[in-house]
Structure formats: C-alpha cells, structure tokens
Amino acid sequence: MAQAELEKLRNVGILGHGGCGKTSLGEAMLFAAGATQRLGKVQDGTSVLDHEPEEIKHQVSISTAFHSLAWNKYPVTLIDTPGYAAFLSDSINCMRGFNSAVFVLNPAVGLRVEAERLWARANEDRVSRLLFVSKMDHEQANVQERIAPLLEGLEAKGIYLQMPLGTEVNFKGVVDLLSMKAFVYNGDSGKFTEGEIPAELKDSAEEWRQKMVEDISESDDELLEKFLDGKELTTEELKKAVRDGTRERKLFPILFGSPLRQVGIAQLLDAVLDYLPSPVEAVEAEGENPTNGEAVKRKTDANAPFSAYVFKTLIDPFAGKLSIMRVMSGKIASDITCYVPNRQLREKVGHLFRLEGKKQEAVKEAFAGEIVAAAKFKDIATGDTLCDEKAPIKYEDPVHFSPNISFALEPKSKADEDKLPQGLHRIREEDQTIELHRDEETRDFILSGMGQQHIEIVVEKLKRKYGAEVVLKAPKVPYKETIRGSASAQGRQKKQTGGHGQFGDTWIKVEPLPHGAGFEFVDKIVGGAIPRNFIPAVEKGIREAMAGGYLAGYPMVDVRATLYDGSYHDVDSSDMAFRIAASMGFKNAVEKAKPVLLEPVMNMEVSVPDECMGDVIGDLNSRRGKVLGMDTKGHIQVIKSRVPMSEVLKYAQDLRSITSGRGEFHMEFAHYEELPPHLAEKVIKEAKARKAGEQEGEHKAHG
Ligand SMILES: Nc1nc2c(ncn2[C@@H]2O[C@H](COP(=O)(O)OP(=O)(O)OP(=O)(O)O)[C@@H](O)[C@H]2O)c(=O)[nH]1
Ligand SMILES: [Mg+2]
C-alpha cells in the first residue's frame with residue numbers, strides 16, 4: 001500500500017459479547033461495500049467470516065476472521081473476533097493487531113462479563129471505538145434508558161450521534177444529529193433515501209441534538225467556553241471534537257442499526273472513516289531493546305527499520321501455516337530475513353497474503369500499519385516479534401490464559417492414538433490455550449482448555465483436520481493419599497525355592513509430613529543390620545509402594561519413612577528381596593498410621609448477573625463449596641469460592657443451565673484437602689471394583 005493509501009486505511013476490529021451480532025455486522029458491512037456479492041448469514045452457514053466447519057455447525061465464531069472492503073475509496077480491514085468466553089483469548093490477543101474497533105452492544109441483554117473483559121483490554125491496548133447498538137429490530141422504545149447502565153458499567157462517555165427511527169419491526173433508519181438528516185431504509189433491501197426529518201419527530205431530534213452538542217462540548221475546553229457563551233458550534237467544530245475525542249478514547253460515538261435487515265450500515269461505515277484512526281496515526285509502539293532491556297519506541301512509519309508482531313497463527317488446509325502479523329514499522333517483503341530477537345531465530349519470508357475470509361490474496365509486500373499473513377514459517381509462533389537484526393526490538397508478550405477445565409480423551413483405536421499428539425500439536429500452534437498431557441497414574445490423555453465447548457470443538461477439529469477420533473470422558477479426579485498418624489512395622493521377605501533363596505528383613509517407621517512436603521527417606525541403620533549396598537533397594541521399594549497407594553491406588557504424599565532396623569542373609573539377600581521387604585514393611589506401617597484420601601480443591605471465580613446470584617451460591621453450597629467473598633462489577637457479581645474438583649467436573653454445562661448462558665467462570669487448582677469419610681469410602685469401593693475388573697480382564701486375557 002502506498003503512503004497515501006496507508007493514511008486512509010482503517011483496521012477495524014468488531015468486538016462485543018458472545019452472540020451480540022458481530023459476524024452479522026461484518027457481513028452486512030462487506031455486502032454494503034460490495035466486497036461480497038450476497039449477504040452472508042450466520043444462521044444459514046453462508047458467512048464468509050464464520051467459515052470454519054465447526055463455526056458453521058455451532059453458529060458461533062471460534063476464531064478471529066479477516067476480510068477487506070473499500071468504502072468511498074478508503075481501504076478497510078475488518079477483524080471479526082469471537083465473543084463467547086471460551087474463545088475470548090483469541091479476541092483479546094488479536095487486539096494487538098488493530099487500533100480501531102466497532103464495539104457492539106445489545107441493550108436488551110445488558111452488560112455481559114465478556115464485554116467487560118474486552119472493553120478493559122481495548123483500553124489497555126489503546127483501541128479507539130465506536131459503539132454500535134445492534135439488533136435494533138429487537139429493541140423496544142426508550143433504548144437510551146437501557147444503554148445508560150451499559151455506559152456506566154464500561155465507564156465510557158458515550159455520545160449519541162444518531163437518533164433511531166422507529167423501534168422493533170418498525171425500525172427503519174436513523175437521524176444523523178450532526179447534519180440533521182434522516183436516512184430512511186426501504187425494507188430489508190439495504191437501500192435508503194436521505195431526506196428531511198419526519199415532521200412528528202423534529203422536536204425529539206432537536207432534543208437529542210441539544211444533548212449531543214452539550215456532551216461534545218464538554219470534551220473540549222474551547223468548545224465548552226463557546227457553548228456556555230451561548231454561541232453556535234459549527235458542524236465542522238463538532239465533528240473535529242468527536243474525531244479527536246474518539247482517537248484519544250475520551251469519547252465513544254453511539255450509532256444504531258440492524259445488520260440482519262441491513263439498516264444503518266452505510267452510516268456506520270461513514271463513521272468508521274470519519275472518526276476512527278488509521279493505523280499510521282497510532283501512537284508510537286513501545287517495545288524493548290532485547291540487547292540491553294531498555295525501552296524503545298517505534299513510529300508506524302514505512303521508512304523506519306522493519307518490525308512486526310505476530311498476533312495469530314492459522315493452519316490453513318491449502319496454504320499451510322499462516323503467521324498473521326501487524327507490521328509495526330518499516331516494510332516486509334517476500335525475500336527478507338526476519339529476526340526473532342528473544343529466540344535468536346532467523347527465518348526467510350516466503351509468500352505473503354492478505355486474508356479474505358477463508359481465501360487469501362497474494363501480496364508482494366506490506367508496510368507499517370498493515371495486517372499481513374506470512375506462509376510457512378517453521379518456528380515463528382504467535383507472540384513473536386519479527387524485526388531487522390540491525391535494529392532489534394521486542395514487543396510485549398501475548399496475554400497468557402490458563403485452561404480452566406480438563407477432560408480425559410480416549411482414542412477410538414490405536415491408529416487414532418498415534419495421530420493424537422501430532423494433531424493436537426498442530427491445533428496448539430493456532431490455539432495456545434489448550435494443553436495435553438498424559439496422566440501418570442491413569443495413563444489417560446488429559447486435554448485442558450477454556451471451557452467445555454472449547455474442548456468439544458478441539459475434539460471435532462482433531463477428527464476433521466488430523467483424522468484422530470477420540471471420545472471425551474470426564475477426567476478421573478487425581479486423588480492422593482497420606483497418613484495422619486505415625487506407626488512402625490516389619491516387612492520380611494523369605495522364600496526358599498530351589499537353589500538360592502530370597503531374604504530381606506526391614507523395620508520401617510512412617511510419620512506424616514506437612515502439606516506439600518512430598519516424601520522423605522531416612523536411613524538410621526547402624527552396626528550393619530542391613531549392609532549399605534541394599535539401602536537404595538529399600539528406598540526404591542518404599543517409593544514404589546508410595547506410588548501405588550494403600551487405600552485406593554492413588555499416590556501417597558507427605559510421608560517420612562525411616563528405616564531403623566532389619567536383618568539379612570549372607571547368601572540369600574538381594575536388592576530384589578529388600579525391595580519387596582521394604583514395600584511390605586511400608587504398607588504394614590501405613591495400615592496402622594491412619595491412612596486417608598486427599599482430594600483436589602479448586603479456586604473458582606463465577607461471574608453472573610445480579611438476578612442469578614442466589615441460585616449460583618445455593619448450587620455452590622450443594623457442591624460442598626465455600627464462598628470466600630463477592631465483588632460487584634456493575635450488574636455483575638463475582639463470586640469467589642473454593643470447591644472440590646470432583647464436584648465441578650461438568651460445571652460449564654451446569655452453570656449454563658442455571659444462568660441461561662449468562663454466567664462465566666474460571667477455576668484453578670488451589671490445594672489438597674482430606675476427603676470426608678463417607679465419600680472416601682465410596683472412592684475406595686470404586687477403586688476395589690476397578691481393580692477386581694482389571695484382574696478379571698487379565699485372567700481372561702491369559703486364559
Ligand atoms: N433480530 C436480529 N438478529 C440478529 C441481528 N444480527 C444478528 N442477529 C442474530 O444474532 C445471532 C448471533 O449473531 P452473530 O452475528 O453470529 O453474533 P456474533 O456476535 O458474531 O457471535 P459470536 O461471534 O459467536 O460471539 C444470530 O442468530 C443472528 O442471526 C439483527 O440485526 N437482528
Ligand atoms: Mg461471530
């Protein structure tokens with residue numbers, strides 16, 4: 001893009017809570033600008049933005065999508081982000097790619113936690129925003145009354161630049177309060193006429209305008225003085241004040257529309273050009289000099305040394321790996337070598353693309369301010385800074401999200417099991433919020449992610465893209481065992497079979513250690529009761545017994561084992577004999593030392609609207625949860641609690657039904673606590689049944 005074009009460019013994110021109508025708005029903007037030939041619809045699966053099969057199936061945006069359009073010869077790149085909590089990490093990290101956004105509000109629904117999180121992040125990333133009140137064909141009269149608490153919750157100074165014409169099915173356009181013109185739409189055609197304000201609405205339009213002028217003048221001292229002196233403010237003055245206020249994120253212009261019915265879209269696009277900044281107007285980017293750690297600033301200038309920030313990675317079925325970056329300074333072209341300073345990595349740029357929904361358009365180069373995708377980088381990943389090695393700079397790392405839910409995966413066949421790790425590795429390149437590990441005890445594959453729907457979608461992707469079919473199981477709770485008392489016991493192994501016998505004899509004392517201390521082995525053998533060379537075998541035997549547990553097969557923790565006596569046989573003693581003896585001795589001692597089961601307890605933060613709070617707290621109590629405290633954020637209550645993991649394995653699903661999808665939660669491991677006896681009994685019984693089942697299975701296999 002030439003410099004003149006770059007100054008006109010707008011990189012516009014579409015942000016807002018899950019299901020507020022972002023993708024539909026993006027589609028309406030593309031269609032209005034002639035970038036698509038027909039209006040894509042989410043519910044028909046015809047959206048060019050929600051194009052992934054999983055997005056079409058579930059009718060939600062899972063991954064941020066990009067598409068460009070031109071409006072009045074201004075190039076605009078739309079960035080349609082997901083809104084549901086499980087996919088919000090992508091939206092939040094993609095915000096580093098743009099400095100302008102349309103923030104979608106649904107006053108009828110209120111302020112959702114997701115919107116608050118996005119808003120806070122947009123403040124941090126210094127993103128200028130227009131507020132778009134969408135689904136106006138669903139809004140009742142007096143919409144301002146429902147918008148006020150949203151603005152309050154977001155701590156945003158909103159400025160009404162429009163007055164809606166009609167409500168619900170009769171919503172047919174907007175009055176532009178600066179020009180005092182009415183834009184009346186002809187049905188759902190997207191066509192409109194610009195004309196006089198209908199006579200019966202003139203008075204209320206005047207009122208709205210008065211309010212607007214007052215609000216705008218408050219943002220600028222000079223204007224305020226003029227206004228208070230009773231002087232008329234010109235449209236140009238007002239417009240400039242809105243533009244400046246929006247750029248500085250002091251003001252947030254409010255516009256109305258209905259993407260589904262294509263009303264208000266042209267006026268929104270005009271406002272994008274009028275008020276939102278181009279990326280070259282962005283404040284200087286701040287980074288760090290990787291050689292000395294000093295702060296450095298870079299202007300969004302095509303003539304400065306090259307630097308770019310990779311904010312997203314996509315694995316495209318045809319183009320392969322695409323690293324999507326915002327060029328922060330200078331230019332990137334197909335032959336240069338990029339340097340990743342913090343990893344001292346060098347990679348040559350291959351093909352460059354502009355993303356258009358699921359398609360890509362090849363470009364030769366891209367300049368500061370542009371969003372561009374580079375194909376087939378080998379090691380460059382999301383969050384990397386790319387730069388000119390002679391002018392090194394590193395930008396801030398992406399926001400890290402820790403998974404809040406885990407499921408066990410059961411591969412359908414050996415072939416599926418083989419494909420699983422590789423497939424997940426590829427998915428992880430796109431989505432750093434998932435984690436896979438193998439449970440040491442159960443040998444289950446454990447997949448962790450940001451919510452149940454997130455995990456389900458990862459499983460669908462595994463099958464579709466990488467041919468690995470797996471079944472989801474609720475994970476086995478990782479119980480642990482410990483002891484509450486101290487005891488000593490003997491373990492003696494004596495066998496006489498044929499030639500050599502086996503002899504080992506140990507006396508072991510066990511004592512509880514504080515939480516988290518793990519295991520301690522103390523050797524108090526004196527006078528050669530057991531020869532030194534057998535001591536390691538004793539420790540090994542005890543460790544094996546610890547790992548296998550005593551009550552229900554769960555690993556034992558926080559125990560000190562002291563070997564204080566024993567005996568041996570000159571010929572028949574061996575490492576093996578002492579290992580077995582020690583293991584028996586340890587178990588005999590544990591039996592007398594009040595063994596107990598421990599369960600993992602989670603820290604949970606549940607955010608719900610006021611009216612659901614009672615139900616959610618009641619439900620947490622019924623899950624043995626302890627409410628620790630409460631925070632109020634606008635109309636949202638944040639309940640902090642501690643709940644045993646076994647009680648919240650399917651919490652995502654349950655919270656959804658308690659709150660009709662309006663709640664959000666996050667949990668992380670806190671500590672282990674003793675499992676109450678009646679529940680311990682149940683777990684022990686289940687473990688015994690499982691063991692019996694396994695043994696029977698083995699017998700059958702052998703028989
Ligand atoms: N009545 C009405 N419904 C709308 C309008 N815009 C979108 N919807 C509906 O709202 C639902 C969600 O729309 P999307 O565009 O997928 O919303 P989104 O914000 O992109 O959703 P996520 O990306 O999943 O957060 C769909 O069923 C749309 O048909 C509108 O202007 N009027
Ligand atoms: Mg969407």
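Does Gly16 meet the test of being within 13 Å of ligand 1 (Cβ to nearest atom), over 20 Å from Ile315 (Cα atoms) and under 17 Å from the mean Cα position of the chain (by Cα)?
It is true that Gly16 is within 13 Å of ligand 1 (Cβ to nearest atom), over 20 Å from Ile315 (Cα atoms) and under 17 Å from the mean Cα position of the chain (by Cα).
Quick one: which residue in Ile535, Ile525 is part of a loop (DSSP other than H, G, I, E, B), open to solvent by 10 Å² or more (accessible area, probe 1.4 Å) and within 27 Å of Ile483 (Cα to Cα)?
Ile525
Could you tell me which residue of the range 135-146 is farthest from Gly18 (Cα to Cα), considering only residues that are open to solvent by less than 20 Å² (accessible area, probe 1.4 Å) and either small (Gly, Ala, Ser) or modelled with pLDDT under 95 (or both)?
Among them, the one singled out is Val143.
Of everything in the range 236-274, what is under 21 Å from Val127 (Cα atoms) and outside any helix (DSSP H, G or I)? Give them in sequence order.
Residues satisfying the conditions are Glu248, Arg249, Lys250, Leu251, Phe252, Pro253, Ile254, Leu255, Phe256.
Which numbered condition in (1) open to solvent by less than 20 Å² (accessible area, probe 1.4 Å); (2) within 8 Å of ligand 1 (Cβ to nearest atom) is the only one that Leu9 fails?
Looking at each condition in turn, Leu9 falls short on (2).
Would you tally the residues in the range 60-85 being more than 16 Å from Lys312 (Cβ to Cβ), within 13 Å of ligand 1 (Cβ to nearest atom) and surrounded by 24 or more Cβ atoms within 10 Å (Cβ to Cβ)?
Result for the range 60-85: 2.
Residues of the range 162-187 being open to solvent by less than 90 Å² (accessible area, probe 1.4 Å), under 15 Å from Ser134 (Cα atoms), touching a residue at least 24 places away in the same chain (Cβ under 8 Å) and assigned to a loop (DSSP other than H, G, I, E, B), which ones?
Thr167, Phe171
Yes/no matrix, rows are residues, columns are (1) exposed (fewer than 13 other Cβ atoms within 10 Å of the Cβ); (2) without any contact (Cβ under 8 Å) to a residue 12 or more places away in the chain; (3) out of contact with any His (no Cβ under 8 Å at 6 or more places or on another chain):
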position	(1), (2), (3)
Glu196	yes, no, yes
Ala205	no, no, yes
Gln210	yes, yes, yes
Glu225	yes, yes, yes
Pro259	no, no, yes
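Considering only residues that are without any contact (Cβ under 8 Å) to a residue 24 or more places away in the chain, open to solvent by less than 50 Å² (accessible area, probe 1.4 Å) and either assigned to a strand (DSSP E or B) or more than 24 Å from Pro478 (Cβ to Cβ) (or both), which ones fall in the range 602-658?
Once the filter is applied, which keeps residues that are without any contact (Cβ under 8 Å) to a residue 24 or more places away in the chain, open to solvent by less than 50 Å² (accessible area, probe 1.4 Å) and either assigned to a strand (DSSP E or B) or more than 24 Å from Pro478 (Cβ to Cβ) (or both), the range 602-658 yields Ile617, Gly618, Gly629.
Could you tell me which residue of the range 86-107 is nearest to Ser134 (Cα to Cα), considering only residues that are part of a loop (DSSP other than H, G, I, E, B) and more than 10 Å from ligand 1 (Cβ to nearest atom)?
Per the criteria, the residue is Pro107.
Determine, yes or no, whether Val510 is under 45 Å from the mean Cα position of the chain (by Cα), surrounded by 21 or more Cβ atoms within 10 Å (Cβ to Cβ) and not hydroxyl-bearing (Ser, Thr, Tyr). It would help to see each step written out before you state the result.
Numbers: under 45 Å from the mean Cα position of the chain (by Cα): yes; surrounded by 21 or more Cβ atoms within 10 Å (Cβ to Cβ): yes; not hydroxyl-bearing (Ser, Thr, Tyr): yes.
Here the answer is yes, as Val510 does meet what is asked.
Would you mind stating whether Asn99 is under 30 Å from Ile371 (Cβ atoms) and crowded, with 21+ Cβ neighbours inside 10 Å?
Spelling it out, Asn99 is indeed under 30 Å from Ile371 (Cβ atoms) and crowded, with 21+ Cβ neighbours inside 10 Å.
Read through the list (1) without any contact (Cβ under 8 Å) to a residue 60 or more places away in the chain; (2) within 15 Å of ligand 2 (Cβ to nearest atom); (3) open to solvent by less than 30 Å² (accessible area, probe 1.4 Å), then give the number of the only condition that Gln43 fails.
Among (1) without any contact (Cβ under 8 Å) to a residue 60 or more places away in the chain; (2) within 15 Å of ligand 2 (Cβ to nearest atom); (3) open to solvent by less than 30 Å² (accessible area, probe 1.4 Å), the lone unmet condition for Gln43 is (3).
Restricting attention to the range 41-59, which residues are within 20 Å of Arg354 (Cβ to Cβ), near ligand 1 (Cβ under 10 Å from one of its atoms) and either of a type in the set (A, V, I, L, M, F, W, C) or out of contact with any Lys or Arg (no Cβ under 7 Å at 6 or more places or on another chain) (or both)?
If the condition is that a residue be within 20 Å of Arg354 (Cβ to Cβ), near ligand 1 (Cβ under 10 Å from one of its atoms) and either of a type in the set (A, V, I, L, M, F, W, C) or out of contact with any Lys or Arg (no Cβ under 7 Å at 6 or more places or on another chain) (or both), then Leu49, Asp50 are the ones that fit.
Please give the number of the condition Phe503 fails out of (1) in a strand (DSSP E or B); (2) under 26 Å from Pro677 (Cβ atoms); (3) aromatic (Phe, Trp, Tyr).
With respect to (1) in a strand (DSSP E or B); (2) under 26 Å from Pro677 (Cβ atoms); (3) aromatic (Phe, Trp, Tyr), Phe503 is out only on (2).
Evaluate the following for Ala4: is it part of a loop (DSSP other than H, G, I, E, B), more than 22 Å from the chain's Cα centre (by Cα) and more than 14 Å from ligand 1 (Cβ to nearest atom)?
no
Among residues belonging to the range 409-425 that are out of contact with any Gly (no Cβ under 6 Å at 6 or more places or on another chain) and open to solvent by 70 Å² or more (accessible area, probe 1.4 Å), point out the one that is farthest from Leu88 (Cα to Cα).
For the range 409-425, the residue satisfying everything is Lys414.
Yes/no per residue for (1) β-branched (Val, Ile, Thr); (2) within 28 Å of the chain's Cα centre (by Cα); (3) under 30 Å from Glu356 (Cα atoms):
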{"site": "Leu238", "(1), (2), (3)": "no, no, no"}
{"site": "Arg247", "(1), (2), (3)": "no, yes, yes"}
{"site": "Ser258", "(1), (2), (3)": "no, no, yes"}
{"site": "Asp274", "(1), (2), (3)": "no, no, yes"}
{"site": "Pro279", "(1), (2), (3)": "no, yes, yes"}
{"site": "Lys297", "(1), (2), (3)": "no, no, no"}
{"site": "Thr313", "(1), (2), (3)": "yes, yes, yes"}
{"site": "Phe318", "(1), (2), (3)": "no, yes, yes"}
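Name the strands (runs of 3 or more DSSP E) wholly within the range 338-399 that hold at least 2 residues that are open to solvent by 30 Å² or more (accessible area, probe 1.4 Å) and under 22 Å from Thr77 (Cα atoms)?
Ranges flagged: 352-356, 359-363, 365-367.
Quick check on the range 12-40: of everything there that is of a type in the set (Val, Ile, Thr) and surrounded by 24 or more Cβ atoms within 10 Å (Cβ to Cβ), which residue is farthest from ligand 2 (Cβ to nearest atom)?
Going residue by residue through the range 12-40, those that are of a type in the set (Val, Ile, Thr) are 12, 14, 23, 36.
Pick out the ones that are also surrounded by 24 or more Cβ atoms within 10 Å (Cβ to Cβ) and you get 12, 14, 23.
Details: Val12: 15, Ile14: 8, Thr23: 3 Å.
Applying the filter and picking the extreme gives Val12.
Scan the range 545-595 for residues that are within 15 Å of Gly518 (Cα to Cα) and under 39 Å from the mean Cα position of the chain (by Cα) and jot them down.
Answer for the range 545-595, where residues must be within 15 Å of Gly518 (Cα to Cα) and under 39 Å from the mean Cα position of the chain (by Cα): Met546, Ala547, Gly548, Gly549, Tyr554, Pro555, Met556, Val557, Asp558, Val559.
The values are calculated or read from the model by the stated rules, or taken from the named source; none is laboratory data. Because the structure is a prediction, the values reported are computed rather than measured. Cβ: placed from backbone, ideal geometry, glycine included. Neighbour counts: every protein chain shown. To get the accessible areas, we keep the full protein, side chains included, count just its heavy atoms, and leave off ligands, DNA and RNA. Shrake-Rupley method; radii C 1.70, N 1.55, O 1.52, S 1.80 Å.
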